[in-house]
Ligand code: DLZ
């Protein structure tokens with residue numbers, strides 16, 4: 001995380017002064033729940049620390065990362081939702097479908113973002129094993145959920 005990110009609270013106050021009116025949907029994949037749950041916590045806490053109201057953070061769970069795109073579409077088309085954060089974890093060693101799932105989600109999320117003209121954030125880990133995932137979900141490499149929330153805030157303040 002850069003020093004600019006550490007001052008995000010100042011950033012959001014300056015560039016997104018009405019952040020307390022913004023509504024964020026966070027969609028969480030149930031696969032690898034220890035990882036995605038920790039990423040959700042990171043994203044949720046980062047939004048709260050930056051002034052997002054509790055009632056303006058909507059959590060929705062989906063069975064797996066493959067389902068993130070459709071759920072993102074359902075949330076992005078809602079007029080009351082300003083940004084969508086998709087959280088998932090696809091572990092390479094665990095599925096031969098790895099490439100299909102990752103590529104489908106990346107394309108799906110991109111399409112939803114462009115179609116609804118809203119930030120739809122790709123918070124999907126694609127590690128080689130569970131340890132690498134945990135390292136990025138509150139471990140030695142930080143929490144990619146925090147970063148997904150920061151990205152959503154930055155895009156709304158664009
Ligand atoms: C089926 C499957 C497998 C094998 N591995 C993962 C994974 O590592 N991470 C993940 O998020 N989802 C996985 N899934 C489930 C698919 O994303 C999807 O839910 C199913 O294929 C049903 O569409």
Ranked 102, 89, criterion: other C-beta atoms within 10 Å, fewest first: 102, 89
I'd like the distance between the alpha-carbon centres of the range 106-141 and the range 20-61, rounded to an integer number of Å. 13
Can you list, bin by bin at 5 Å, the percent of alpha carbon pairs in the range 22-156, starting at 0? 2, 12, 23, 25, 21, 12, 4, 1, 0
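Take peptides 64-70, 103-109 and line them up by average Cβ neighbours within 10 Å, highest first, as a rough protection proxy.
On the way: 64-70: 20.6, 103-109: 17.1.
Per-residue mean Cβ counts within 10 Å order the peptides as 64-70, 103-109.
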Nearest 10 degrees, 0 to 90: what angle lies between the long axis of helix 144-156 and the longest principal axis of the chain (Cα atoms)? 40
If you take all C-alpha pairs in the range 23-68, what percent of them are over 17 Å apart? 31
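No lab work stands behind these numbers, since they all come straight from the coordinates. None of the values given here were measured: they were computed from a predicted structure. When we count neighbours, we look across all protein chains shown, and the Cβ atoms used for this are built from the backbone with ideal geometry, even at glycine.
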